[in-house]
Amino acid sequence: MSHWVMLSLKIKNPNRELLKMALQYIAKQYLKVDRVVENYEVYGWRGSERCDFAIPVRLPYGNGYGVKIDQNGEVKVVVDDHGAPLSAQQFAQLLTQTYVTLATAQALQELGYNISNVQETPEGIVLEAVSY
């Protein structure tokens, strides 16, 4: 049975470059693929959506994980996650966590800090920043 899902994230008006970098990280680390594409039609059983970004990957009932930025700047994840390696919820959580980490690192660097260590823990990602 198919599960076509569209989830809203708590990210609004994202930096598109950072969003794409977050997707590239997830694609490589969790889905073992090297490709993130733009303007891609993600489909599943009884649903499809044109997405700003997508990770094309063969799924039991679809062709990948999509990310759409709507006219209000809200980020949405679309996927038919039945039998997929990551559920829509897991994917959304990873995307939020990775995007926020990248945005935080960028902001810290703009403030003159250097990122000295990045660790993934069961609770999340820990950044260590130092000022010289």
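The values are calculated or read from the model by the stated rules, or taken from the named source; none is laboratory data. Owing to the predicted nature of the structure, the values given are computational and were not obtained by experimental measurement. Cβ sites come from the backbone with ideal geometry, for glycine too, and all protein chains shown count toward neighbours.
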Q. Which number in (1) more than 12 Å from the chain's Cα centre (by Cα); (2) crowded, with 16+ Cβ neighbours inside 10 Å; (3) within 17 Å of residue 10 (Cα to Cα) marks the one condition that residue 102 misses?
A. (1)
**Q.** Of all residues making up region 1-25, the number that are polar (S, T, N, Q), modelled with pLDDT of 95 or more and assigned to a loop (DSSP other than H, G, I, E, B)
**A.** 2
Q: Report, ordered by the first and then the second residue, all pairs with beta carbons closer than 8 Å, sequence separation of six or more or different chains, a first member in region 98-113 that is at positive phi, and a second member that is polar (S, T, N, Q).
A: 112/131
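From 32, 76, 28, grab the single residue that is under 23 Å from residue 118 (Cβ atoms), among the basic types (Lys, Arg), out of contact with any Cys (no Cβ under 6 Å at 6 or more places or on another chain) and not in a helix (DSSP H, G or I). Can you show your working first?
On the way: 76 fails: under 23 Å from residue 118 (Cβ atoms); 28 fails: not in a helix (DSSP H, G or I).
It is 32.
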Q. Out of all the residues in region 58-68, which are surrounded by fewer than 19 Cβ atoms within 10 Å (Cβ to Cβ) and either β-branched (Val, Ile, Thr) or not in a strand (DSSP E or B) (or both)?
A. 60
Q: Look at region 35-48 and say how many of its residues are modelled with pLDDT of 95 or more, under 19 Å from residue 61 (Cβ atoms) and either among the acidic types (Asp, Glu) or part of a loop (DSSP other than H, G, I, E, B) (or both).
A: 1
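Residues to consider are 121, 96; find the one that is surrounded by fewer than 17 Cβ atoms within 10 Å (Cβ to Cβ) and closer than 19 Å to residue 18 by Cα. Outline the logic, then answer.
On the way: 121 fails: closer than 19 Å to residue 18 by Cα.
Among 121, 96, only 96 is surrounded by fewer than 17 Cβ atoms within 10 Å (Cβ to Cβ) and closer than 19 Å to residue 18 by Cα.
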(Q) For residue 88, only one of the following conditions fails: (1) surrounded by fewer than 18 Cβ atoms within 10 Å (Cβ to Cβ); (2) in contact (Cβ under 8 Å) with a residue 60 or more places away in the chain; (3) farther than 17 Å from residue 101 by Cβ. What is its number? (A) (1)
